[in-house]
């Protein structure tokens, strides 16, 4: 399988006129580069995501870039809404910036959002994958990867859909295209495992030339940290 096929499958999974929730990270940058459409970035004015997203957008799209600045009041409102969906603290704080993206999308006339969910599981982006491989070997790793992919479909994606539903929005997940998953997982593990320092080896290879190098080699930062909401939520909860 060549990388062009993977990109083609990803592009087909992005609905027409969908906005991309955009952090300036690798996963969302690939989607934006393929769609050439609109993007929505949320975060506090001095947050890392806002800084990276503003810089990256100019390289990736000629569409509309909505940058929605958060404040403590809005985070408090979002937190109350998201707790009803996911009482678990970690899941709640991940949903808060998604809630803000949905609010901004609704206010700006969008009805569809294309999320990057599943990229970490499919392209081996989590530390736990490397721990499993080192301790249990390739066969157990491959089983775990399949399990994690299915789990994100019925877990995180369901929660994202519920948040979108509160605003009357449709969520799509281009990375979770079934054919794409099967094709990627059929590639020999040594060609896609990468390293702890540079995870998601295959996706970085695919994205080379599609996204700027400062995005390609940006260290992963979870949305609650990149947007700046984690610190505010901790303050609200203490």
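Values quoted throughout were computed directly from the atomic coordinates according to the rules given, and no laboratory measurement underlies them. This one's a predicted model, so the numbers in the text were calculated from it and none came from an experiment. Positions of Cβ are backbone-derived with ideal geometry, glycine not excepted, and every protein chain shown enters the neighbour counts.
Taking the 0 to 90 degree range and rounding to the nearest ten, how far is the long axis of helix 89-107 tilted relative to the main principal axis of the chain, both from C-alpha atoms?
70
Running a GNM on the chain with Cα contacts under 10 Å, which residue among 156, 27, 182 ends up with the highest mean-square fluctuation?
Evaluated over the chain, the most mobile residue of the options is 182.
Return the whole-Å distance between the Cα centroid of region 23-59 and the Cα centroid of region 79-116.
Measuring centre to centre over Cα atoms gives 17 Å.
For the chain, what does the relative contact order come out to in percent, with C-alpha contacts under 8 Å and a separation of six or more?
Averaging sequence separation for qualifying contacts and normalising by length gives 29 percent for the chain.
So how long is each side of region 109-192 along the principal axes, counting just the alpha-carbon atoms, biggest first, in Å?
Reported extents, whole Å, longest axis first: 47, 21, 16.
Go ahead and estimate [θ] at 222 nm for the chain from helices alone: -39,500 (n - 2.57) per DSSP H run with n ≥ 4, summed, over the residue count, rounded to 500.
Theoretical 222 nm ellipticity from helices: -17000 deg cm²/dmol.
Which of the three applies to region 145-238, rounded, prolate or oblate, going by the alpha-carbon gyration tensor with a ≥ b ≥ c and a/c under 1.5 meaning rounded?
oblate
Select from 143, 64, 83 the residue whose mean-square fluctuation is largest in a Gaussian network model of the chain (Cα-Cα springs shorter than 10 Å).
With Cα springs under 10 Å in the chain, the top fluctuation among 143, 64, 83 is at 143.
Once you have the Kirkwood Rh of region 4-142 from its Cα pairs, apply Stokes-Einstein at 20 °C and 1.002 mPa s and quote D in µm²/s.
Rounded to a whole number, D works out at 130 µm²/s.
Would you please state which residues of region 7-21 a label at residue 108 would reach in this model, taking the label point 7 Å out along Cα→Cβ and a backbone N cut-off of under 14 Å?
Within reach of a label on residue 108: 17-21.
For region 149-185 and region 190-238, what is the separation of their C-alpha centers, rounded to whole Å?
Computed from Cα coordinates, the inter-centre distance equals 19 Å.
With axes computed from alpha carbons, what is the tilt in degrees of helix 138-154 against the longest principal axis of the chain, rounded to the nearest 10 within 0 to 90?
Between the helix axis and the principal axis of the chain, the angle is about 30 degrees.
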